[in-house]
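K.L.:
Structure below; questions to follow.
The values are calculated or read from the model by the stated rules, or taken from the named source; none is laboratory data. Note that the structure is a prediction, hence the values are computed from the model and not measured. Note: ideal-geometry Cβ built from the backbone for every residue, glycine included; neighbour counts use all protein chains shown.
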Amino acid sequence: MFGDNPHDAELKASWEDFCDQLKRAGDLVFRDTTPNHDIDRAKGLRLLARNMSLALQFHLENNNPDFPELLHYFDPLRKQGGDNTDALYVGAPINGEHTYRISGLRGTARYFAVTVVEDGPTPWGGAVAGNLIDSDIEVAADGVFEIVLSPHEHAGNWIRTTPGSWRVTIRQFFADWENEVPMTARIDRLGELEHNPMLSVADLQKGLADAVAWVRDSTVYWAEMLGKWKVQPNRFLSYRQLDDNAIDATPGGEPLICYWQVPEDEVLVVRVTPPAANYWAVEFGNCWWETMDYRYRLCSTNCHHAQLESDGELILVVSHQDPGVPNWLDPSGHQEGYITVRWIGAEHYPIPQCTQMKLEKLSSCLPADVRSISPEQRRRQLAARRSGVIRRFGY
């Protein structure tokens, strides 16, 4: 019963403070700048609930840099900060003063990058200490690879760590969802170590406090960041144009982001000619900087899936009704959110142009020979998305 253990009072107080802090985190959803639609309020609260599991993973579970595991961050049920619809993100805690080996099979994702991040002012850390991208990484003919993270130079694939290095993240971006294969790999800290199975009262208290603080700070951080684009709707701008924080942006091509606000009787047409690139993609999400449910909704495209016009132009249409074009971005019940384009490994970074109009004006805005898609083709297009997600995440 309560009081049988001398730490019962402080443990109970820690749990109650955790619950109280989580309750107060919900104030984010009711700010003056939050859209007042049911779907946006509900998804704001779901955002907090979803990310609690990630916070506990970071701060209470997979938080020992002596015994790290490569665990995934985002998936169709847990997301924030403009997660890439094509991505599988995995990562682990590290200590920059120690040496680690990541080893396994690279897989066949179109884009592959390993990044070491220092601790810093944002909930995801600070400056990038180092990274290896795609062709920088030596991979054997059978797909086997090994990367060393260490403050001391190593032969082969090596990322130099700094004393402040805190986390390693591996990004895999899949273009052909149904056929590209995810990485299978592990991380090990080198040296003789003995695992301690004990969880102390202090460990539990710190883990709960840090986890709830991370949920609050990370969701507020990304909401405030996206607000910087919201005041300039229908303009594609990069992070660096609006914020000077050192953040762990995707190496090899910084995203361009645009905030959209489209009532049900309007549409937004986005046009750009994609450059030659190693990989490019378009993501689409809500006002919480979460992608839409890409298992079941047409809310993204990329260099493999997009259908370009005969002159190479990409035409995207944001419309609450299916406009019958292949590159539809489905608002999925939302009336505002964001669009992100990524040009990775390109020699130039074209800026998409937006035109907003009433729904009945759409046909006059599009080329006379614009590509179209039949209902049956749309069904196959959507079915392929779920198959690809199952292949990527193993659902």
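K.L.:
Give the residues of segment 85-97 that are out of contact with any Phe, Trp or Tyr (no Cβ under 6 Å at 6 or more places or on another chain) and not hydrophobic (A, V, I, L, M, F, W, C), sorted by residue number.
P.N.:
Hits for segment 85-97 are G91, P93, N95, G96, E97.
K.L.:
Any residue in segment 196-207 that is modelled with pLDDT of 95 or more sitting within a Cβ distance under 6 Å of a residue that is loosely packed, with under 14 Cβ neighbours inside 10 Å? List the pairs, counting only those 6 or more apart or interchain.
P.N.:
Listed by first residue and then by second, the contacts come to V201/H7.
K.L.:
Which of (1) modelled with pLDDT of 95 or more; (2) exposed (fewer than 15 other Cβ atoms within 10 Å of the Cβ); (3) closer than 19 Å to A185 by Cβ does S135 not meet, given it meets every other one?
P.N.:
(1)
K.L.:
Then there's this: In segment 351-370, how many are buried (at least 16 other Cβ atoms within 10 Å of the Cβ) and over 30 Å from D38 (Cα atoms)?
P.N.:
Matching residues across segment 351-370 total 3.
K.L.:
Between G44, G81, which is in a helix (DSSP H, G or I), of a type in the set (G, A, S) and either touching a residue at least 12 places away in the same chain (Cβ under 8 Å) or crowded, with 19+ Cβ neighbours inside 10 Å (or both)? Reasoning before the result, please.
P.N.:
Working: G81 fails: in a helix (DSSP H, G or I).
It is G44.
K.L.:
Do we have F67 as among the aromatic types (F, W, Y) and touching a residue at least 40 places away in the same chain (Cβ under 8 Å) here? Walk me through how you get there before you give the answer.
P.N.:
Working: among the aromatic types (F, W, Y): yes; touching a residue at least 40 places away in the same chain (Cβ under 8 Å): yes.
So F67 fits the description; yes.
K.L.:
Test of understanding: among S200, S135, which residue is out of contact with any Phe, Trp or Tyr (no Cβ under 9 Å at 6 or more places or on another chain), within 29 Å of T340 (Cα to Cα) and hydroxyl-bearing (S, T, Y)?
P.N.:
Values: S200 fails: within 29 Å of T340 (Cα to Cα).
The unique qualifying residue is S135.
K.L.:
Before we move on, is Q321 surrounded by fewer than 18 Cβ atoms within 10 Å (Cβ to Cβ), of a type in the set (S, T, N, Q), outside any helix (DSSP H, G or I) and over 24 Å from the mean Cα position of the chain (by Cα)? Let's see the steps before the verdict.
P.N.:
Details: surrounded by fewer than 18 Cβ atoms within 10 Å (Cβ to Cβ): yes; of a type in the set (S, T, N, Q): yes; outside any helix (DSSP H, G or I): yes; over 24 Å from the mean Cα position of the chain (by Cα): yes.
Spelling it out, Q321 is indeed surrounded by fewer than 18 Cβ atoms within 10 Å (Cβ to Cβ), of a type in the set (S, T, N, Q), outside any helix (DSSP H, G or I) and over 24 Å from the mean Cα position of the chain (by Cα).
K.L.:
Same structure, new question: Could you pull out the residue among L242, L329, L316, L256 that is surrounded by fewer than 21 Cβ atoms within 10 Å (Cβ to Cβ), outside the structural domain of Q80 (by TED's automatic domain parsing) and within 30 Å of I170 (Cα to Cα)? Spell out how you get there, then give the answer.
P.N.:
Working: L329 fails: surrounded by fewer than 21 Cβ atoms within 10 Å (Cβ to Cβ); L316 fails: surrounded by fewer than 21 Cβ atoms within 10 Å (Cβ to Cβ); L256 fails: surrounded by fewer than 21 Cβ atoms within 10 Å (Cβ to Cβ).
The unique qualifying residue is L242.
K.L.:
So is P326 assigned to a loop (DSSP other than H, G, I, E, B) and in contact with a Cys (Cβ under 9 Å, 6 or more places away or on another chain) or not?
P.N.:
No; evaluated as a whole, the condition is false for this residue.
K.L.:
Here's a check for you: in segment 138-189, which residue that is part of a loop (DSSP other than H, G, I, E, B) and touching a His at 6+ places or on another chain (Cβ under 6 Å) is surrounded by the most Cβ atoms within 10 Å (Cβ to Cβ)?
P.N.:
Quick first cut of segment 138-189, residues part of a loop (DSSP other than H, G, I, E, B) only: 138-143, 151-157, 161-164, 174-183.
Right, trim to touching a His at 6+ places or on another chain (Cβ under 6 Å) and you get 175-176.
Numbers: A175: 20, D176: 16.
Taking the candidates together, the pick is A175.
K.L.:
Out of A55, A49, I need the residue that is within 21 Å of the chain's Cα centre (by Cα), under 30 Å from T99 (Cβ atoms) and in a helix (DSSP H, G or I). Which one?
P.N.:
On the way: A49 fails: under 30 Å from T99 (Cβ atoms).
None of the others qualify; the one that does is A55.
K.L.:
Let me ask something additional. Restricting to segment 1-41, and then to whatever is among the acidic types (D, E) and in a helix (DSSP H, G or I), can you tell me which residue is farthest from the chain's Cα centre (by Cα)?
P.N.:
Keep residues of segment 1-41 that are among the acidic types (D, E), which gives 4, 8, 10, 16-17, 20, 27, 32, 38, 40.
Still in the running and in a helix (DSSP H, G or I): 8, 10, 16-17, 20, 27, 38, 40.
Details: D8: 39, E10: 37, E16: 31, D17: 29, D20: 28, D27: 24, D38: 24, D40: 19 Å.
Restricting to residues being among the acidic types (D, E) and in a helix (DSSP H, G or I), the top hit is D8.
K.L.:
Which members of segment 84-95 meet the condition of being in a loop (DSSP other than H, G, I, E, B) and either surrounded by fewer than 20 Cβ atoms within 10 Å (Cβ to Cβ) or touching a Leu at 6+ places or on another chain (Cβ under 8 Å) (or both)?
P.N.:
Applying the first criterion (in a loop (DSSP other than H, G, I, E, B)) to segment 84-95 yields 84-86, 94-95.
Scanning segment 84-95 gives I94, N95.
K.L.:
Just one of the numbered conditions (1) free of Cβ contacts under 8 Å to residues at least 60 places away in the same chain; (2) within 25 Å of the chain's Cα centre (by Cα) is not true of D142; which one?
P.N.:
D142 satisfies all of (1) free of Cβ contacts under 8 Å to residues at least 60 places away in the same chain; (2) within 25 Å of the chain's Cα centre (by Cα) except (2).
K.L.:
Checking the conditions here, which among T340, T355 is part of a strand (DSSP E or B), touching a residue at least 24 places away in the same chain (Cβ under 8 Å) and over 17 Å from L237 (Cβ atoms)?
P.N.:
Numbers: T340 fails: over 17 Å from L237 (Cβ atoms).
Just one listed residue meets the conditions, T355.
K.L.:
Scanning for something in contact with a Leu (Cβ under 7 Å, 6 or more places away or on another chain) and of a type in the set (D, E, K, R), does segment 117-130 turn up at least one residue?
P.N.:
Narrowing segment 117-130 to residues in contact with a Leu (Cβ under 7 Å, 6 or more places away or on another chain): none.
No, segment 117-130 has no match at all.
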